[in-house]
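For reference, the structure I am asking about is given below.
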Amino acid sequence: MNSKILKSGHIKLYKRENSKFWQMKIKLPKQKAIRSSSGTKILKEAEKIALNNYSLLNKENKIKIKKTLNNIFKKMHLVETADLNKKEIEFILDEAQKFISFNKMKIKKNNLLEGRTIFNLFFEDSTRTRTSFEVAAKRLGADLINVAVKDSSINKGETLLDTMTTINSMNPDVLIIRHPDEGISKKISMNVDACVINAGDGSHEHPTQALLDALTIKNRFKNFNKLLIAICGDILHSRVARSNIIILSKLGAKINVIGPKEWLPKNIKKLPVTVFTDMKKGLKNCDIVMMLRIQKERIVGKIMPNQKTYFNKYGLDYNKLKYAKENAFVMHPGPMNRGFEIDSKLADDVTRSLIQEQVAMGVAIRMACLVILTKNRDNVLKS
Ligand code: CP
């Protein structure tokens, strides 16, 4: 016998003409076949050697394939959720998962971003996002500079782009930008060398908020496919709603949006959602009720609804929560208008409310984003 198949399509033993030694041909998934001598003339020994080699090479190959798959997110900016596909979102969530336990340790410090310079540039008020990025950057060992916009040269007439160009000349690694103008982060990302993260641009997008919401949901439900999620309230002015609709639907969840007619965007039918103006109908069978902040600062030139009237119709309390599934969870990106869009007691009820968990997940998500984007930028600079 001059040849023997050990594992169909994977291992073949054979003898060359004029040679008494058994040769091995090992074929691994996604790799060219490797041919080498077993170093023995005895078939039984050759079989053992070939199986051992196959096992070792297969293990290495699996690690290699996993690394390739892991490296699916190659972008150096995070400005729009529309830029992310399902695999990229899942990759960011998986990376963030690693930081959840890290953030519960006594010493919360590593050196993954040691020596890196990160700027927090917030042109709008923020508590959660700004401090969350600051905590994330510092836990990764980076130097974070908070630019106090009220003290910046913008007030002397400098354009935003000039401010960004000035900061860009200091060789930062990441710029985190919150600004009232839609699309501003994207514009800046095209004019600087650093990674740019959109920390909220007007009513447009808030990608890291949607990612942290997705991580919070994933840790409760594991699978998005069977979930029905209600997003309720001021949909029109909410960047959180827009980013969540995109991210959660890409992950497989079904979305109901519920709100007063005048607070539903004109193009709402183009989004992957079912629209309701009635809480009772919209909350039916929902696993999660995500409430939105009424964006008072963006409701200009329009009449603000009366707080009591609005709360009676659209504010979430224990009674309206009964319309959803029995153990449905409540979420809110914060900051909350207690008694306007959400009942204060319900918001603080840790058996139903995931609001504080969302904040904790925010740090993990932002750590993951900072690490991934800077790594991707390093690769871009190398190539
Ligand atoms: N959720 C959110 O963006 O909160 P801040 O406005 O406090 O950053």
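All of the numbers you see were taken from the coordinates with simple rules; none came from a lab. Source: prediction; values computed, not measured. Every residue, glycine as well, gets a Cβ built from its backbone with ideal geometry; the counts of neighbours run over all protein chains shown.
Starting from the Cα of I145, move 7 Å in the Cα-to-Cβ direction to define the label point; list residues of region 151-173 whose amide nitrogen is under 12 Å from there.
164-173
Which number do you get for Rg(Cα) / (2.2 N^0.38 Å) in region 1-61?
Relative to the 2.2 N^0.38 Å estimate, region 1-61 comes out at 1.04.
Also, quick follow-up: Rounded, prolate or oblate, given the Cα gyration tensor of region 253-344, with a/c below 1.5 counting as rounded?
oblate
Still on this structure: Give a quick list of trypsin sites (Lys or Arg not before Pro) in region 119-193 that DSSP marks as loop, anything other than H, G, I, E or B, with at most 13 other Cβ atoms within 10 Å.
Nothing satisfies the criteria.
Please arrange V240, V359, V289 by counting, for each residue, the other beta carbons lying within 10 Å of its beta carbon, fewest first.
Result, fewest neighbours first: V359, V240, V289.
Helix by helix, which DSSP H runs in the chain go 27 Å or more along their axis at the Cα atoms and have an average Kyte-Doolittle hydropathy of -0.5 or more?
355-382
Local charge sum around K322 (other residues, Cβ-Cβ under 12 Å, Lys/Arg +1, Asp/Glu -1)?
Result for the neighbourhood of K322: +3.
Let me ask something else. Please sort by residue number the trypsin sites (Lys or Arg not before Pro) in region 196-286 whose DSSP state is loop and whose Cβ has at most 13 other Cβ atoms within 10 Å.
Filter output for region 196-286: K222, K226, K266.
So if each residue of separation counts as 0.36 nm, and I subtract the Cα-Cα distance between S36 and K7, what length gain in nm does that give?
In short, 8.8 nm is gained.
I've got another one for you. Between S152 and N103, how high is the FRET efficiency from 1/(1 + (r/R0)^6) when r is the Cβ-Cβ distance and R₀ = 35 Å? Nearest 0.05.
0.65
Using the Kirkwood radius built from alpha carbon pairs, what does the Stokes-Einstein equation give as D for the chain at 20 °C and 1.002 mPa s, in µm² per second?
Translational diffusion coefficient: 91 µm²/s.
In nm, to one decimal, how far is the K75 label point from the I268 one, both placed 7 Å along Cα→Cβ?
If labels sit at K75 and I268, their model points lie 2.7 nm apart.
Let me ask something else about it. Picking from V273, I92, Y323, whose Cα lies most toward the positive end of the charge dipole for the chain (charges on Cβ: Lys, Arg +1; Asp, Glu -1)?
I92
OK, next. Given contacts defined as C-alpha pairs under 8 Å and at least six residues apart, what's the relative contact order of region 255-311, whole-number percent?
30
Please report E297, E45, E90 as a ranked list, fewest other C-beta atoms within 10 angstrom at the top and most at the bottom.
E297, E45, E90
Do the alpha carbons of any pairs in K86/K222; K104/K375; K254/K281; K75/K269; K254/K325 sit beyond 19 Å of each other, and which pairs?
K104/K375; K75/K269
Tally Lys and Arg at +1 and Asp and Glu at -1 over the other residues with C-beta under 10 Å from the C-beta of I5: what net charge comes out?
Within the 10 Å Cβ shell, the charges total +4.
Work out, step by step, the length gained on full extension between N53 and N223: first 0.36 nm times the residue separation, then minus their alpha carbon distance; give nm to one decimal.
57.4 nm
Please list the non-local residues whose amide H lies under 5 Å from the amide H of I255, H modeled 1.01 Å from N, same-chain partners needing a gap of 5 or more.
For I255, whose amide H was placed from the backbone, the distant partners under 5 Å are I229, T274.
Over the Cα atoms of region 20-146, each weighted equally, I'd like the Debye log10 I(q)/I(0) at q = 0.14, 0.17, 0.19, 0.20 Å⁻¹, rounded to two decimals.
Listed by q, the Debye log ratios stand at -0.81, -1.01, -1.16, -1.23.
Right, another one. If the convex hull of the alpha-carbon atoms of region 97-147 is projected onto planes in all directions, what is the mean projected area in square nanometres?
Directional mean of the projected Cα hull area for region 97-147 stands at 3.9 nm².
Which order do E95, E17 fall in if you start with the one that has the fewest other Cβ atoms within 10 Å?
With the fewest neighbours first, E95, E17 line up as E17, E95.
So for region 300-349, what percent of the C-alpha to C-alpha distances run longer than 13 Å?
59
While we're here: Can you work out the Karplus-derived ³J(HN,Hα) for every residue in region 23-32? Use 6.51 cos²θ - 1.76 cosθ + 1.60 with θ = phi - 60°, whole Hz, and x for glycine or proline.
Rounded to whole hertz, the list is 9, 10, 10, 10, 10, 10, x, 6, 10, 6.
Sort largest first and round to whole Å: the equivalent ellipsoid semi-axes of region 114-198, each the square root of five times a Cα gyration tensor eigenvalue.
That gives 19, 15, 12 Å for the three semi-axes.
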